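Undergrad: After the structure tokens below, expect a handful of questions from me.
The values are calculated or read from the model by the stated rules, or taken from the named source; none is laboratory data. This one's a predicted model, so the numbers in the text were calculated from it and none came from an experiment. Here the Cβ positions follow ideal geometry from the backbone for every residue, glycine too, while neighbour counts run over all protein chains shown. Protein only, heavy atoms only, side chains kept; ligands, DNA and RNA dropped before computing areas. Shrake-Rupley method; radii C 1.70, N 1.55, O 1.52, S 1.80 Å.
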Amino acid sequence: MPQNAVKPLAALCVLALPLTACGTGTAASDENVVTVYSADGLKGENGDGWYDQVFDDFEKETGIKVEYVEGGSGEMVQRAVREKRNPQADVLVTLPPFIQQADTKGLLQKYAPKGVEQVSGADKAANGTWTAVVNNYFGFIHNKKELKQAPTTWEELLDGSYENKLQYSTPGVAGDGTAVLIKAMHDFGGEKQAMEYLKKLQANNVGPSASTGKLAPKVDKGELLVANGDVQMNYAQSKSMPNLGIWFPAREGGKPTTFALPYAAGLVTKAPHSENGKKLLDHMLSQKAQQQVSEIGGGFAARQDVKATDANAIALTRLMDGVDVFEPDWDDIEENLTSYVDAWKEATGN
């Protein structure tokens, strides 16, 4: 099983959606810089995430500063599409199916980072345009303090006690939000059945959220009782948010299920600092960085030859015990994502 990690970072700056870089000058004018567009979840709330540690180490070893732009997976791909004629990012990191979408849109160029042969075939592109750097699984969170008994099924979430106390991130915008659709379609046996359920669930749903990471603090405080997330991000957050509990919804009478939702990275086509991007991808997939995935970031290493035995790795293995892991048809999801999201919008009125 894979693992994940996080730490402080002098050179890391989080940019909102404006394109100016941190410090003076822009990415395009500074040769000692690499710009990363990434889905949220790998940077720590307090500078203690896997990205924080990896980027800090990378800068110390190479002198190359990491400039960081964070958002939902779909949001980051859309931004890269808008900038296609004048790319600003060097490395793009998203969850599926958005990494496949980025590839289909011609946003990624082929590059095989050092160590990529240790990543399983299911976790990298057959054409060599992207590879998982942190393996991960989709999940839900609940407030352990407010809920005397943790929920176990989808059906429980329809209860009136969850009204305005439940929220999930927006499918088509956030990777984990899209994952809600994927799991629901799997668990309920098809698109129609999933949309019927999500239509009922809308009575309790607070409303759309572009960022999954922003839901965890609300659950920890008790503003929400339940939200979606993913194992890596939520496990890392639980270190500073003690009321978070991770769970995997089952159908009534069935077993809990999940699926792999890796953070996948690729080199941007015509990246302004392509060589720096390659160096960063090499570093992220290095044995040192991969060993830090679990011990710092609370996730699963993408390299199969990295066998983590730290306390986080043991806890993560126990967490996944008894959970059925299925493999989505990513090609189908990437091809039909727009129609699935449209069906969700129609069902929920979003």
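Undergrad: I'd like the distance separating the alpha-carbon centroids of segment 228-301 and segment 45-112, in whole Å.
TA: The distance from the Cα centre of segment 228-301 to that of segment 45-112 comes to 14 Å.
Undergrad: Provide the solvent-accessible area of GLU45, counting protein heavy atoms only and rolling a 1.4 Å probe, rounded to the nearest 10 Å².
TA: Counting only protein heavy atoms, GLU45 exposes about 110 Å² to solvent.
Undergrad: Build a GNM of the chain with springs between Cα atoms under 10 Å: which of THR338, THR178, THR258 gets the top mean-square fluctuation?
TA: Result for the chain, Cα springs under 10 Å: THR338 fluctuates most.
Undergrad: So what does ILE333 come to for accessible area, using a 1.4 Å probe and Å² rounded to 10?
TA: In the full protein context, ILE333 sits at about 10 Å².
Undergrad: Something else about it: For TYR137, enumerate residues with amide H under 5 Å from its amide H, sequence gap 5+ or separate chain, H modeled in the peptide plane.
TA: Residues meeting the criterion, in which the H sits 1.01 Å from N, are VAL231, GLN232, LEU261.
Undergrad: A further question follows. Return, for the Cα atoms of segment 129-269, the radius of gyration and Dmax in Å, separated by a comma.
TA: That works out to 14.8, 50 Å for Rg and Dmax.
Undergrad: Assuming 0.36 nm per residue, please report the length gained on full extension of the stretch ASN350 to GLU163 beyond their Cα-Cα distance.
TA: 65.6 nm
Undergrad: Further, regarding this structure: Which whole-Hz ³J(HN,Hα) couplings does segment 167-177 yield from phi under the Karplus relation 6.51 cos²θ - 1.76 cosθ + 1.60, θ = phi - 60°, glycine and proline marked x?
TA: Per residue, the Karplus-derived 3J(HN,Hα) values read 8, 9, 6, 6, x, x, 10, 9, x, 5, x Hz.
Undergrad: Could you check which residue among ARG303, ARG79, ARG318 shows the biggest mean-square fluctuation in a GNM of the chain with a 10 Å Cα cutoff?
TA: Between ARG303, ARG79, ARG318, it is ARG318 that shows the largest mean-square fluctuation.
Undergrad: Using helices alone, what [θ] at 222 nm do you get for the chain, with -39,500 (n - 2.57) per DSSP H run of 4 or more residues, divided over all residues and rounded to the nearest 500?
TA: Working: 11 runs with 117 residues, N = 350.
Calculated from helices alone, the mean residue ellipticity at 222 nm is -10000 deg cm²/dmol.
Undergrad: Right, something else. Label point 7 Å out from THR62 along Cα-to-Cβ: which residues of segment 123-156 have amide N under 19 Å?
TA: Within reach of a label on THR62: 129-134.
Undergrad: If you don't mind, another one. Over the Cα atoms of segment 181-329, what is the Rg over Rh ratio if Rh follows Kirkwood?
TA: 1.01
Undergrad: Quick one: how many Å² of VAL206 are accessible to a 1.4 Å probe, rounded to 10?
TA: 80
Undergrad: With +1 on the Cβ of every Lys and Arg and -1 on the Cβ of every Asp and Glu, and nothing else charged, how large is the dipole of segment 272-350 about its Cα centre, in debye rounded to the nearest 20?
TA: 640
Undergrad: Within 10 Å, Cβ to Cβ, of ARG251, how many net charges do the neighbouring residues add up to if Lys/Arg are +1 and Asp/Glu are -1?
TA: -2
Undergrad: While we're looking at this one, here's another question. Name the residues whose placed amide hydrogens come within less than 5 Å of the amide hydrogen of THR35, ignoring near sequence neighbours (fewer than 5 apart) on the same chain.
TA: GLU67, ASP90, VAL91
Undergrad: If you roll a 1.4 Å probe over the chain with all protein chains in place, what percent of the accessible area is carbon or sulfur?
TA: So the carbon and sulfur contribution to the accessible surface is 48 percent.
Undergrad: Another question, then. State to the nearest 20 debye the size of the charge dipole of the chain about its Cα centre, where the only charges are +1 on K and R beta carbons and -1 on D and E beta carbons.
TA: Roughly 340 debye for the chain.
Undergrad: Give the whole-number value, in cubic angstrom per residue, of the convex hull volume spanned by the C-alpha atoms of segment 175-244.
TA: Dividing the Cα hull volume of segment 175-244 by its residue count gives 89 Å³.
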